[in-house]
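Accompanying notes for the structure given below.
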Amino acid sequence: MPRTNSLQNLSAWYRRNRRELPWRHSGDPYHIWVAEVMLQQTTVRSMTPYYEAFLRRFPSIGALAAASEDEVVSAWSGLGYYHRARNLLRGARHVVERHRGRFPDDLDHALAVPGVGLYTASAVLSIAFNRPLAVVDGNVRRVLARIHALRGRSKRKESNYHRMAVEILDRRNPGEWNQALMELGALICTPRNPACPACPVRTACAARRLGLTAVIPETRPRRATADVYVKAAVIERSGRLLLVRGAETPLQRLWCVPHTSLDSTVAPNLAEELRKRYGMAIEPGPLLLRTRHRVTFRRIRLEAHAARLHSNPDSTAHDLLWAAPEEIDDLPASSMTRKIIKAWLARQLALDL
Ligand code: SF4
């Protein structure tokens, strides 16, 4: 579909209505790269404080490349999907080694950066270097599906979306255009109840014309939320707390207080399960915390107890660490564990008073 007058309204609409987001004040490809990676699987509102803290801690690609994996994952703690942090670190090291710390400004070299796929490369290159590359994210897919009234599985192929995005790309101003399309999806062409009367591209929109905005895009069913029950043990020795780290996803490689499986739908037996999972013998004590917590699709009923250790965990299957609470702040620890330790510290404080 050729660009129409209606589509051309989009850039003007964007300049008037765009949200003032921290990375929009920057033409620095590193800032845009970090923002785009964080925005994958995280909303703008949730990720913004993490973005600002991350850049304070790692203000340049060189600073990030020089950091340890533990430091980077720790700065990412709470955002989830930790492979993104590890990929960002691998990517930063590659950029330092191959490109003297400057994000490459051509597509082939950008795609060779570990962890950088077509979406991220196109976003960084179009926004930071004005390269004529179309960006297709979830918001853009939804807008395109509605403008073209796409129905049926074969039409929803990634290559099809990409072709349509390239067709309407403003090649003179691709960075602004891509952001405008994404912003339209975020603010106006929302998943439910799109604000069509306020939409700058409404006259080009087939779904609106056909009265199909409520059924397009046709979506695959989302992974259902799982309600699970997790118990955890806070074990203290001389002011230090026992942390474990194993291969279990989604908390892979994050330090955690010993806890039961994340997949149990019934209340687990804490002592028995920790014996099976970690080869340790404990005696559960007073309840420290009962709360709700969310890890990806899991909605967790979480219960944490102070516990006494009778025999050490098996250190061949898990990494073990005794850490002071203030040291845990700088470790890559799960947000669930941070929440539990906060409750434990509050209780210590109350006992001291
Ligand atoms: S007219 Fe409505 S459905 Fe069509 S692109 Fe605009 S907001 Fe989306």
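The values are calculated or read from the model by the stated rules, or taken from the named source; none is laboratory data. Predicted model, so just to flag it, every value in this text is computed and none were measured. Here Cβ is always computed from backbone atoms with ideal geometry, including for glycine, and neighbour counts include all displayed protein chains.
Looking at SER26, SER6, SER46, SER74, just one residue is hydroxyl-bearing (Ser, Thr, Tyr) and either at pLDDT 95 or above or surrounded by 18 or more Cβ atoms within 10 Å (Cβ to Cβ) (or both), and that residue is SER74. GLY138 fulfils the conditions (1) away from the ligand (no atom under 16 Å from the Cβ); (2) within 25 Å of VAL44 (Cβ to Cβ); (3) surrounded by fewer than 22 Cβ atoms within 10 Å (Cβ to Cβ) except for a single criterion, (1).
Answer yes or no: is there a residue in region 323-339 that is surrounded by fewer than 12 Cβ atoms within 10 Å (Cβ to Cβ), farther than 21 Å from ASP263 by Cα and touching a residue at least 12 places away in the same chain (Cβ under 8 Å). Yes, region 323-339 has at least one match.
Whether any residue in region 184-193 is within 14 Å of the ligand (Cβ to nearest atom), over 22 Å from LEU21 (Cα atoms) and surrounded by fewer than 19 Cβ atoms within 10 Å (Cβ to Cβ) is what I want to check. For region 184-193, residues within 14 Å of the ligand (Cβ to nearest atom), over 22 Å from LEU21 (Cα atoms) and surrounded by fewer than 19 Cβ atoms within 10 Å (Cβ to Cβ): present. In region 198-223, the residues that are farther than 17 Å from LEU10 by Cβ reach residues that are modelled with pLDDT of 90 or more and among the β-branched types (Val, Ile, Thr) with C-beta atoms within less than 9 angstrom, at least six apart or across chains, in these pairs: ARG209/THR203; LEU210/ILE216. Among the residues of this structure, TYR14 does not count as one that is over 28 Å from ALA180 (Cα atoms) and not hydrophobic (A, V, I, L, M, F, W, C).
Residues of region 164-192 being in contact (Cβ under 8 Å) with a residue 60 or more places away in the chain and either part of a loop (DSSP other than H, G, I, E, B) or not acidic (Asp, Glu) (or both), which ones? Listed by number, the residues that qualify are MET164, ILE168, ASP170, ASN173, TRP177, GLN179, ALA180, LEU181, LEU184, ALA186, LEU187.
Residues that are closer than 22 Å to VAL95 by Cα and part of a helix (DSSP H, G or I) within region 17-29 comprise TRP23, PRO29, listed in sequence order. Would you check if VAL113 is surrounded by 15 or more Cβ atoms within 10 Å (Cβ to Cβ) and in contact (Cβ under 8 Å) with a residue 24 or more places away in the chain? Judged against the criteria, VAL113 is not a match.
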